[in-house]
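Before any comments, here is the structure.
The values are calculated or read from the model by the stated rules, or taken from the named source; none is laboratory data. On a predicted model such as this, the values are computed, not experimentally measured, just so you know. Methodologically, a virtual Cβ is constructed for each residue, glycine included, from the backbone with ideal geometry; neighbour enumeration extends over all protein chains shown. Ligands, DNA and RNA are stripped out before the accessible areas are found, and what is left, the full protein with its side chains, is counted by its heavy atoms. Shrake-Rupley method; radii C 1.70, N 1.55, O 1.52, S 1.80 Å.
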Amino acid sequence: MPNTHREIQELLADYAVALRDGCLPAFLKSLTREEAKRIRGSSDFWEATEVVRLMNSAGFGDKVVTPDVGLFISRVDAGIASRLKKAGASTRAHRPSRMNLR
Amino acid sequence: MDKRLRNVLNQLTAPDTELRRRAMEPFVRATFPVFIRHLHRYLGNEVECEDVLEDVYADIWENPEHLRHVESEGHLLKTVYLYYMRKRLREVYRRMNRRSSLSQSDLQNLVAPELGLCDLISQAELKQLLHKMVGKLKARERKAIVMWMEGMSNRAIANELKTTVGAVKMLEFRTILKLRRMLKEYCGEQGEED
């Protein structure tokens, strides 16, 4: 059974592990109201999260570099094309029709 | 700033949408490794990092105004983080807030915070700096942090240090706060030098 009365050092350790393992949503969902309150009131926790992020970056940041940037670029371009299409469609939708002008 | 990146940025802030679209490829190639490493700090998940970054680049294409006066690569990263990445990071987690006990502002501070200490230094510099700081720790503190950064679980670290998981968590917490004090001093010294 998960511990629902975690002390601040336990909350930080769990946050650090969640960030390192890429499962931050699970950590966020696991927080009880009492724990959320504890986090809010602890300046140590907030200061420590800064360092945890840096440690995460220094230790594991290099593994994120995608081998195929070309593929990623085509995804970005497809996103842009979709936005262009949407913008075109909304412009057409807002343009008054000839029927109305008459 | 690199001359090529400067030229790409000029094209990227042009009013012509097609010119901006063509400039995206060299822009992504030049910035992708830096941006994705930076995002990884907040997400820790490479698939999510790519998804968020995809939207970030499309947002930049759509509204590149904030990049008009960028002067250096550090300034570029700062601008992109503050004006584009944070917005997207917040969106990723906003949906989950219904099930989270954290307040909206605490959630934002946790997943998409203000830039903190040493947040804009390069990856190589960061590694060097942390290596130096970890070297100044006591043996037990150093061991715990090094093992954690190697990807070991707290239970495995506790076994290695012949102690309990609770004691390891406390040791890590105190050591991380110690590292923060060191980083703060370092940043203060850097500020004075500048």
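The table below lists the values:
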item	result
Filter result (facing chain A (nearest Cβ under 9 Å) and modelled with pLDDT under 85) within segment B:108-120	B:116, B:117, B:118, B:119
Filtered residues of segment B:72-89 (kept if over 19 Å from residue B:61 (Cβ atoms) and open to solvent by 40 Å² or more (accessible area, probe 1.4 Å))	B:72, B:73, B:75, B:78
Residue B:29 being facing chain A (nearest Cβ under 10 Å), surrounded by fewer than 21 Cβ atoms within 10 Å (Cβ to Cβ), among the charged types (D, E, K, R) and touching a Leu at 6+ places or on another chain (Cβ under 6 Å)	no
Which listed residue, of B:46, B:18, is facing chain A (nearest Cβ under 9 Å) and either open to solvent by 20 Å² or more (accessible area, probe 1.4 Å) or of a type in the set (D, E, K, R) (or both)	B:46
Filtered residues of segment A:1-16 (kept if within 22 Å of residue B:175 (Cα to Cα) and more than 7 Å from chain B (Cβ to nearest Cβ))	A:6, A:7, A:8, A:11, A:14, A:15, A:16
Flag for residue B:24 being closer than 30 Å to residue A:36 by Cβ and surrounded by 15 or more Cβ atoms within 10 Å (Cβ to Cβ)	no
Failed item, numbered, when residue A:54 is tested on (1) facing another protein chain (nearest Cβ under 7 Å); (2) over 18 Å from the mean Cα position of the chain (by Cα)	(2)
Extreme residue, nearest to residue A:21 (Cα to Cα), among residues of segment B:1-38 that are among the aliphatic types (A, V, I, L, M) and not in a helix (DSSP H, G or I)	B:1
Test for residue A:45: is it farther than 20 Å from residue B:34 by Cβ, touching a residue at least 12 places away in the same chain (Cβ under 8 Å) and not charged (D, E, K, R)	yes
Members of segment B:140-159 found to be under 17 Å from residue B:170 (Cβ atoms) and within 8 Å of chain A (Cβ to nearest Cβ), listed by number	B:145, B:148, B:153, B:154
Conditions (1) in contact (Cβ under 8 Å) with a residue 40 or more places away in the chain; (2) closer than 20 Å to residue B:174 by Cα; (3) out of contact with any Lys or Arg (no Cβ under 6 Å at 6 or more places or on another chain): number failed by residue A:56	(3)
Near pairs, Cβ below 7 angstrom, 6+ apart or cross-chain, from segment B:44-67 (over 23 Å from residue A:67 (Cα atoms)) to any residue that is polar (S, T, N, Q) and outside any helix (DSSP H, G or I)	B:64/B:13; B:67/B:13
Complete set of residues in segment B:39-70 that are touching a helix residue (DSSP H, G or I) at 6+ places or on another chain (Cβ under 6 Å) and part of a loop (DSSP other than H, G, I, E, B)	B:44, B:64, B:70
Sole residue being more than 27 Å from residue B:188 (Cβ to Cβ) and out of contact with any Gly (no Cβ under 6 Å at 6 or more places or on another chain), chosen from B:81, B:93	B:93
Which listed residue is touching a residue at least 60 places away in the same chain (Cβ under 8 Å) and either among the polar types (S, T, N, Q) or closer than 26 Å to residue B:175 by Cβ (or both), from B:110, B:117, B:137	B:117
Contacts under 8 angstrom Cβ, first residue in segment B:13-42 being free of Cβ contacts under 8 Å to residues at least 24 places away in the same chain, partner polar (S, T, N, Q) and part of a loop (DSSP other than H, G, I, E, B), 6 or more apart	B:32/A:66; B:36/A:66
